[in-house]
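The values are calculated or read from the model by the stated rules, or taken from the named source; none is laboratory data. Treat the numbers as computed from the prediction; the structure is a model and nothing was measured. Neighbour counts run over all protein chains shown; Cβ positions are idealised from the backbone, glycine included.
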Amino acid sequence: MTIFPITFGTPEYDESVALRNEVLRKPLGLEFSPEQLAQEWSDIHLAGFNNAGKMVAILILTPADEHTVKMRQVAIAPTLQGQGLGAKLVQTSEHLARSHNFRHMVLHARETAVPFYLKLGYQIVGEPFEEVTIPHAKMEKAL
Ligand SMILES: CC(C)(COP(=O)(O)OP(=O)(O)OC[C@H]1O[C@@H](n2cnc3c(N)ncnc32)[C@H](O)[C@@H]1OP(=O)(O)O)[C@@H](O)C(=O)NCCC(=O)NCCS
């Protein structure tokens, strides 16, 4: 998998929204609203592509303050999950965040994905809560 940033509003961005819909929204019976997507213009969008040039992984970084960035929308194509792509994408995003001088990563992990982030050095902060109809945990890591 080759990982590089993509730009909001491009065909690659549309491909990333389709992947996010497939992996993160349709299974919950939800979809993105135009208003939600319009807010993503200033985010950092990091995508992974297979040898055929098809997008198979996506992750978004949203700056929260000078030192803190939020990781969102981490999704690996269903047939490729469990092969190390998610770990590679998260680690690449951490290096990218550091290069932008961020020192603190935060995220809202689905309960089912908490073990994945624990393995990557993230810690649970506070109590579980509900988001997009399912249980989540707030997690963080010093970069
Ligand atoms: C969660 C997700 C991003 C993980 O990516 P992945 O490519 O499947 O995970 P990896 O193969 O890189 O796994 C890295 C390690 O975490 C473990 N892991 C990954 N997902 C896990 C899970 N759901 N439960 C327990 N362990 C998990 C792997 O076993 C692996 O462990 P190892 O290093 O001991 O071999 C991916 O499965 C996915 O897109 N899931 C559906 C969407 C989702 O839940 N996104 C996260 C929203 S917060």
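The C-beta contact set for the range 64-77 (first residue more than 13 Å from LEU24 (Cβ to Cβ) and outside any strand (DSSP E or B), second residue more than 8 Å from the ligand (Cβ to nearest atom) and of a type in the set (A, V, I, L, M), distance under 8 angstrom, 6+ apart or interchain) comprises ALA64/VAL106.
Scanning the range 134-143 for residues that are of a type in the set (A, V, I, L, M, F, W, C) and in a strand (DSSP E or B) yields ILE134, ALA137, MET139, ALA142. Within the range 108-133, which residues are more than 15 Å from LEU89 (Cβ to Cβ), assigned to a helix (DSSP H, G or I) and among the aliphatic types (A, V, I, L, M)? Within the range 108-133, VAL114, LEU118 qualify. For first residues located in the range 40-63 and of a type in the set (Ser, Thr, Tyr), partners that are not in a strand (DSSP E or B) and lie 6+ apart or on another chain with Cβ distances below 6 Å form the pairs THR62/ASP43. Pairs meeting the criteria (first residue in the range 98-119 and free of Cβ contacts under 8 Å to residues at least 60 places away in the same chain and near the ligand (Cβ under 8 Å from one of its atoms), second residue aromatic (Phe, Trp, Tyr) and part of a helix (DSSP H, G or I), beta carbons under 9 Å, at least 6 apart or on different chains) are LEU107/TYR117; ALA109/PHE116; ALA109/TYR117.
Evaluate the range 18-26: report whether one residue or more is in contact with a helix residue (DSSP H, G or I) (Cβ under 9 Å, 6 or more places away or on another chain), at pLDDT 95 or above, part of a helix (DSSP H, G or I) and of a type outside the set (Lys, Arg).
There is at least one residue in the range 18-26 that is in contact with a helix residue (DSSP H, G or I) (Cβ under 9 Å, 6 or more places away or on another chain), at pLDDT 95 or above, part of a helix (DSSP H, G or I) and of a type outside the set (Lys, Arg).
Would you tally the residues in the range 126-142 being surrounded by 11 or more Cβ atoms within 10 Å (Cβ to Cβ), over 19 Å from PRO78 (Cβ atoms) and of a type outside the set (Asp, Glu)? The qualifying residues number 7.
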